[in-house]
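Read the structure below first, then the notes.
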Amino acid sequence: MRIVDLSHKFSLEEYMKDRHSGTHIDAPAYVLNGGRGVGDFGLERFICDAVLLDLSNKRPGEAIDDEDLEAAEEAAGVAVREGEAVLLHTGVSNTPLQAVLQPPNVYLSRNGAEYLEFKGVSLVGADLGSIDDIKSSELVAHRTLLGRGIIILEGLCNLDAIDSERFRLASFPLNLSSATSPVRAVAMVD
């Protein structure tokens, strides 16, 4: 087994300034009053089978929709299974997050998020600073996914080092009663 570190290195000071710096998890409390925080989930939610979908053909300002996700599944020769994590590889994996958080960005559309919800995924991750359109304050993808208890993992890197369609993903947050937490995310590839 080969382990691929999917986490950006960042300082605690950077995280304290901006909870969305570095590789982090968003829990439902991020957008829902009374929603579960990262520490309210059992550890089993943060280790799961995962699939990588290549969406590197998308350009800044373009949305990832259901058709893009279906095409990426077909190109990879996989079908997303219920309970799996889906990692979206947009090709900005190793770009500094400060640059990735500038508009325009590639983002997950409402119907793209609804498609992943329909598939029954447990977690959606991306090499994006945010899976939502940075120019909008509506957080449509966050609300769609987190509203169904689907955890969001943002700020991934090194996705191009995963050379398998399916692998194990571990991304443990700190045991906090907060809406977000830094993580050390790793892919375990056979």
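A short reminder: the numbers here are calculations on the coordinates, not readings from a lab. Computed from a prediction, not measured in an experiment: that's the story for all the values here. Cβ atoms come from the backbone with ideal geometry, glycine included; neighbour counts cover every protein chain shown.
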Query raised in the report: What order do you get for C48, C157 when you list them from fewest to most C-beta neighbours inside 10 Å?
Result: C48, C157
Query raised in the report: Arranged by the count of other C-beta atoms within 10 angstrom, fewest first, what order do M16, M188 take?
Result: M16, M188
Report task. Return the calculated 222 nm mean residue ellipticity for the chain, to the nearest 500 deg cm²/dmol, obtained by summing -39500 (n - 2.57) across DSSP H runs with n ≥ 4 and dividing by the residue count. Result -> -5000 deg cm²/dmol
Query raised in the report: Antiparallel as a % of all DSSP beta bridges within the chain, to the nearest 5?
Result: 60 percent
Query raised in the report: Counting alpha carbon pairs within less than 8 Å and at least 6 residues apart, what relative contact order, in whole percent, applies to the range 18-170?
Result: 33 percent
Report task. Would you look at the GNM of the chain, springs on alpha carbons closer than 10 Å, and say which of S164, S21, S130 moves the most? Result -> S164
**Report entry** Extension gain, S177 back to R59 (0.36 nm per residue minus Cα-Cα distance, nm)
**Finding:** 38.9 nm
Query raised in the report: Quick one: Cα convex hull volume of the range 15-71, Å³ per residue?
Result: 164 Å³
**Report entry** Sparse-neighbourhood loop sites, trypsin sites (Lys or Arg not before Pro) in the range 89-190 - DSSP loop, at most 15 other Cβ within 10 angstrom
**Finding:** K135, R148
Report summary line: Both in Å, the radius of gyration and Dmax of the C-alpha trace of the range 53-94 are 10.6, 29
Query raised in the report: Pick the calculated Rg and Dmax of the Cα atoms in Å for this structure from (1) 14.8, 42; (2) 15.3, 49; (3) 15.7, 44?
Result: (1)
Query - Rough spin-label spacing in nm, given labels placed 7 Å along Cα→Cβ, for L43 and D163 - result: 3.1 nm
Query - Spatially near lysine pairs across the chain, Cα under 24 Å, sequence gap of 8 or more or different chains - result: 4
